[in-house]
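Student: One structure, as structure tokens, below. Some questions next.
The values are calculated or read from the model by the stated rules, or taken from the named source; none is laboratory data. Predicted, not measured: the structure shown is a model, and the values here were computed from it. Using ideal geometry, Cβ is built from the backbone for each residue, glycine included, and neighbour counts are taken over all protein chains shown.
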Amino acid sequence: MQGSTWSDGIVGLLTGLGLPEMLALGIAYGIGAFILVNFGMISALLLIWITRKAISRMQDRLGPNRLGPYGLFQTVADAAKLISKEIITPSQSDFLAYNLAPVLSVFGALMLLAVVPFAPGLIGVDLNIGVLFVVALGSIGVMAALMAGWGSNNKYALLAGFRVVAQLLSYEIPMVLSILTVVLLTGTMSFGRIVEAQSLTIGGLNLGIGWFGVMMPAAMLIFFISSLAEAELTPFDLLEAESELIAGFHIEYSGMKFAMFFLAQFVNAWILSALMAILFLGGWQGPGVGLPVIGPILGFGYFFVKAYAVYVLQQWVRGTFPRVRIDQMMYFAWKVLVPAIVGLIVAQAIAQKLPFPDPVIYAIIFVANIAAIWLVATMLQRYIKGESLRTKRSFEPTSLIGTMQEAKEYAMY
Amino acid sequence: MPFPLPPLPTIGQLVFTGIALFTCASALGVVLARNLFHGALALVATLFGVAALYVMLEAEFLAVSQVLIYVGAISTLIAFAIMLTRSMMYGKTSPLNRQAGKTGLFAVLIFLALFGFVQSIPWPASAAPVLANESMIAALGEQFVTNYVIAFEVLGLLLLVALVGAVMLARDN
């Protein structure tokens, strides 16, 4: 584990006061954890506000605009309402699973904040296995949803629980594989060093624009799509499809317990956008981060601008696209995204072993990415054509008297 | 010769005791839970406890892999299977069956054997510093594709066979 610079100051101060180093380190990490957790909680208020405002604009409404400037304090009022609400527990619910699920879901989301590099040197713990850590914590969210679905003793919640497992596990594979492209390129799983690798030094000056997203647009796109599915956002929000499942696995939760699921979902969505900023958009890299004093502050700003920009993009997609069907969702994960990203990884691994100078290798990777995007776009176009044809046929009057034929030449699954 | 007072436990020992107690308690829960789903949840807790022990041994890679594979994949699969079998899901099942006595005997024997091994084997404790984490992962990867390539490939083949088998079972016709 490398020493992270943020804790050194506090440790130095405390050991100067005569505390043993072990205790000082413990206190320093305690303070860091406290700040991070509260940052997560408070940023959720802002995230909910951003979501509501963004979606309102897309639907030609104003959104919350009464409480505070631009309705900023609406979420605070909502939170106060949720805290004061009665907590209703279903009589046949399973005590352990029902009560543990919201806690676990928030735990999984907040733990992720520990490995996010906010600025140069400002990272909770720069784990050498940061990428694996994030992937492993994703499974806690799955477990929490399963426990909530089963513990609620409600068939809709249970159905949603099944869907959660199917969706989150399916989309975890393309997401992890798209992160693998970055790991393959940098040779490290630490987020700190992945961000550092995205600098672009020209003439001794760090321009900070060597973003991987420029070189690997297909991997970035696949990561973004799978992060939408992982965050349970609209094209893939089958987990809480109101028209089918009423509310999803948290249907039986009320008051603060429901709010915890809500919080976990928004924090998760933000962290996934932050991860996209870190992995593909350079994290805190940007023009001028190499400067002595102002650099880290600039980096902090760059990181948040990027993370929130991706978050708004997520909300934009959420406000634009209709929900996919469950078979389309599975089809898309297993037959489109996974083959595309596996092909990309193979191409990249071969390209990196070729005896060419680095720029040529990067060019080959870029071409492979463009080819992957073209391939996926073509496949999707064919699929959508076939789907629209079948929809049209099923609405034709003749189709109702048993003359409807299967659109076999277009059906791809 | 006066018996020396045991030294105060270090923080590490205290943490280890806590984790070990948690792991053992949840392992007991796996065996004794009357509700199978509770057993699965206890299994998750046990695996977490073992992962925490790995962290204490500074084997973060192993710990995270443990959480990823056992909690993320295997326990989810177990929970899923239980949720799909209705009678197991809500009904209370007995943790014991007719073979409880024999199994208990073997459990005790295995425990004694393991305990004896742990006590009698002189564990090689080398003073050499452990590889830094990053290079350890790299070394592990290299071992997989050089010394242990056959085991690695056979494992991959096994997983492929399982995948194909699952698809065959799930097909309509």
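Student: Return the residue satisfying two criteria in turn: it lies in the stretch B:53-68 and is of a type in the set (Gly, Ala, Ser) and either outside any helix (DSSP H, G or I) or surrounded by fewer than 20 Cβ atoms within 10 Å (Cβ to Cβ) (or both), and of such residues it is nearest to the other protein chains (Cβ to nearest Cβ).
Tutor: B:Ser65
Student: Separate question: For A:Leu127, work out the one condition from (1) surrounded by fewer than 20 Cβ atoms within 10 Å (Cβ to Cβ); (2) in a loop (DSSP other than H, G, I, E, B) it doesn't fulfil.
Tutor: (1)
Student: If A:Leu96 satisfies all but one of (1) in a helix (DSSP H, G or I); (2) within 25 Å of A:Ala269 (Cα to Cα), what's the number of the condition it fails?
Tutor: The number of the failed condition is (2).
Student: Right, next: Could you count how many residues in the stretch A:116-155 are among the aromatic types (Phe, Trp, Tyr) and farther than 24 Å from A:Ala333 by Cα?
Tutor: 2
Student: Residues of the stretch A:241-297 being in contact with a Leu (Cβ under 7 Å, 6 or more places away or on another chain), within 22 Å of A:Phe107 (Cα to Cα) and surrounded by fewer than 18 Cβ atoms within 10 Å (Cβ to Cβ), which ones?
Tutor: Correct list: A:Gly255, A:Met256.
Student: Could you grab me the full set of residues in the stretch A:145-154 that are within 11 Å of another protein chain (Cβ to nearest Cβ) and part of a helix (DSSP H, G or I)?
Tutor: A:Ala145, A:Leu146, A:Met147, A:Gly149, A:Trp150, A:Gly151
Student: Looking at the structure I just gave you, is A:Pro20 within 14 Å of another protein chain (Cβ to nearest Cβ) and exposed (fewer than 14 other Cβ atoms within 10 Å of the Cβ)?
Tutor: Yes, satisfied.
Student: Further, regarding this structure: So, in the stretch B:34-52, of the ones that are in contact (Cβ under 8 Å) with a residue 40 or more places away in the chain and within 10 Å of chain A (Cβ to nearest Cβ), which residue ends up farthest from the chain's Cα centre (by Cα)?
Tutor: B:Asn35
Quick grid of which residues meet (1) under 25 Å from B:Asn35 (Cα atoms); (2) crowded, with 20+ Cβ neighbours inside 10 Å; (3) touching a residue at least 40 places away in the same chain (Cβ under 8 Å):
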position: A:Met58; (1), (2), (3): no, no, yes
position: A:Arg66; (1), (2), (3): no, no, no
position: A:Ile87; (1), (2), (3): no, no, yes
position: A:Ser91; (1), (2), (3): yes, no, no
position: A:Pro102; (1), (2), (3): yes, yes, yes
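Student: With (1) assigned to a helix (DSSP H, G or I); (2) at pLDDT below 85 as the list, and A:Arg66 as the residue in question, which single condition is left unmet?
Tutor: Status for A:Arg66: all satisfied but (1).
Student: Between A:Ser170, A:Ser139, which is assigned to a helix (DSSP H, G or I), of a type in the set (S, T, N, Q), over 23 Å from A:Val305 (Cα atoms) and within 12 Å of another protein chain (Cβ to nearest Cβ)?
Tutor: Residue meeting the stated conditions: A:Ser139.
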